[in-house]
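Structure, as structure tokens:
The values are calculated or read from the model by the stated rules, or taken from the named source; none is laboratory data. Since this is a predicted model, take the numbers as computed values, not measurements. Methodologically, a virtual Cβ is constructed for each residue, glycine included, from the backbone with ideal geometry; neighbour enumeration extends over all protein chains shown. Side chains are part of the model used for accessible areas, which takes the heavy atoms of the whole protein and leaves out ligands, DNA and RNA. Shrake-Rupley method; radii C 1.70, N 1.55, O 1.52, S 1.80 Å.
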Amino acid sequence: MRRLTFAANWKMHLGPGEAREYIKAFLAGFRLPEGRDVWFFPPAISIEAVAQALASRPGFMVGAQDVHWEPKGAFTGAVSAPLAAAAGARGALVGHSERRHVFGETDAETAKKVAAVLAAGLFPVLCVGEMLAQRDAGETVTVVSRQLAAAVGALDSAALGKVTVAYEPVWAIGTGRNATPADAAAVHREIRAWLKARKAAETRILYGGSVNRKNAAELLAERELDGVLVGGASLDPAGWAELVRTGAA
Ligand code: PGA
């Protein structure tokens, strides 16, 4: 059976109290369809609240939106993978386009972060994706392959099997514009081929960028998509519950 992952990236929204209320509202009357996983990526300050509110329910997990590559030290303002784990995180996003393009994170840094996340026993969700000018120049596959090679190219297939890849075209994030299902699937196939060549054919590949309740069904109809990574449309618990149940009986 095809497993589907629904990942919510709350970005800089929902503090601990709001996060608790959100999870309570989300879970009220909610039945998780079989074969689906729901992952929450709240701000670091709310990881523990979400972990506690989820109370180890099967199929649910919480992760960090970003981590520093060092496990500890004098890095004011940063959160390490072991600190996120101590708060209840089981995974972490790495290389989200806002980290890359707003905070100037480099490919080399994504590699160090993936290694740090794995070393802490968490699973990384590596975000990759091209900018609009790169897509228009026909460079999508080159850019995505470069990001993959830099961040996870040095991993063996066992480590690579712990990674989830999220393909998020930068021009589709938070813009209301999204790739057509066929466009998304075409890039997913390239990523799948890249992973297969490294004996990691089972690695999950999620799609992200302006996914919402209206377009989720047609995106998920593409078998290449193992799920979605959702920002804006994950902030309302009722809307998110509906999105997670997309196409379920
Ligand atoms: P969006 O964000 O759904 O608001 O476009 C997706 C993401 O940044 O992961």
Candidates 79, 62, 114; GNM for the chain (alpha-carbon contacts under 10 Å) flags as most fluctuating 79
Portion, in percent, of the accessible area of the chain that falls on carbon or sulfur, probe 1.4 Å: 54 percent
Simple spin-label estimate for residue 103 and residue 136 in nanometres, 7 Å along Cα-Cβ: 2.9 nm
Over the residues of region 114-249, compute the C-alpha Rg and express it relative to 2.2 N^0.38 Å. 1.05
Computed over the chain, the relative contact order (Cα-Cα under 8 Å, seq sep at least six) in percent reads 19 percent
Can you list residues whose amide H is under 5 Å from residue 227's amide H, if they're 5+ apart or on another chain and H is modeled 1.01 Å from N? 5, 207
Run through all the Cα pairs of the chain and give the fraction in each 5 Å bin from 0, expressed as whole percent. 1, 7, 15, 19, 21, 18, 12, 6, 1, 0, 0
Checking 73, 17, 161 against a Gaussian network model of the chain (alpha-carbon springs below 10 Å), the top fluctuating residue turns out to be 73
On the principal axes of its Cα set, how long, how wide and how thick is region 36-115? Give whole Å, largest value first. 35, 28, 21
Stokes-Einstein D in µm²/s, Kirkwood radius over Cα pairs - region 62-159 at 20 °C with 1.002 mPa s viscosity: 155 µm²/s
Top mean-square fluctuation among 153, 29, 209, Gaussian network model of the chain, C-alpha springs under 10 Å? 29
Past 27 Å, Cα to Cα, is the threshold; run 72/196; 113/214; 11/196; 112/199 against it and keep the listed order. 72/196; 113/214; 11/196
How far, in nm, would the chain grow between residue 182 and residue 25 when pulled straight, counting 0.36 nm per residue and subtracting the alpha carbon separation? 53.1 nm
